[in-house]
Each structure stands twice: as C-alpha cells, then as structure tokens.
Amino acid sequence: MTKISVEVPQHILDDLQLHIGTDKKYVSLSDAIRAALRKLLDTLDEIDNRHGRRPESQPEINPYNSPSE
C-alpha cells in the first residue's frame with residue numbers, strides 16, 4: 001500500500017480521535033482517513049455523472065481489491 005504524508009489541522013485530528021479505538025467506528029487513524037477518502041471519491045463520481053463528465057467506458061474501481069494491495 002502506498003504511503004503519503006499530509007498536513008492536517010490539529011482540531012480535525014482531535015475530532016477524528018473521538019471516533020477511533022476500541023468499541024468505536026474506526027480501528028485506526030489510517031482506517032478513518034481511507035473511509036473518508038472513499039466517501040469523497042464516491043461523492044465526486046456522483047457529481048461527475050450528473051454533469052456528464054464520466055465516460056461510460058471508464059472502469060469501476062473496487063477499493064477493496066486494488067492491484068497495489
């Protein structure tokens with residue numbers, strides 16, 4: 001899996017930490033960020049589809065079965 005480095009404001013990290021850990025929604029910070037990115041990409045795809053910017057021939061990408069994993 002590819003690693004990236006990003007700068008994130010502390011208040012966003014603090015808010016994320018409320019949702020990470022035992023008996024919470026996400027196992028780790030990486031898990032939470034990946035989920036957020038997937039949701040963002042789904043939203044962007046929906047917007048592109050509504051505006052006719054996504055070609056029909058573009059293959060769907062399954063985030064759970066990517067070749068880099």
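Please treat every number below as a calculation from the coordinates, not as lab data. The shown structure was predicted, so the numbers you read here are calculated from the model rather than taken from an experiment. So basically every Cβ, Gly included, is an ideal-geometry build from the backbone, and we count neighbours across all protein chains shown.
Please identify which residues in region 11-36 have an amide N closer than 15 Å to a label point set 7 Å out from the Cα of E46, following the Cα→Cβ vector.
The answer is 36, whose backbone nitrogens lie closer than 15 Å to the label point.
Mind jotting down the three principal axis lengths of region 10-50 based on Cα atoms? Whole angstrom, largest first.
For region 10-50, the Cα spread along each principal axis is 38, 21, 12 Å.
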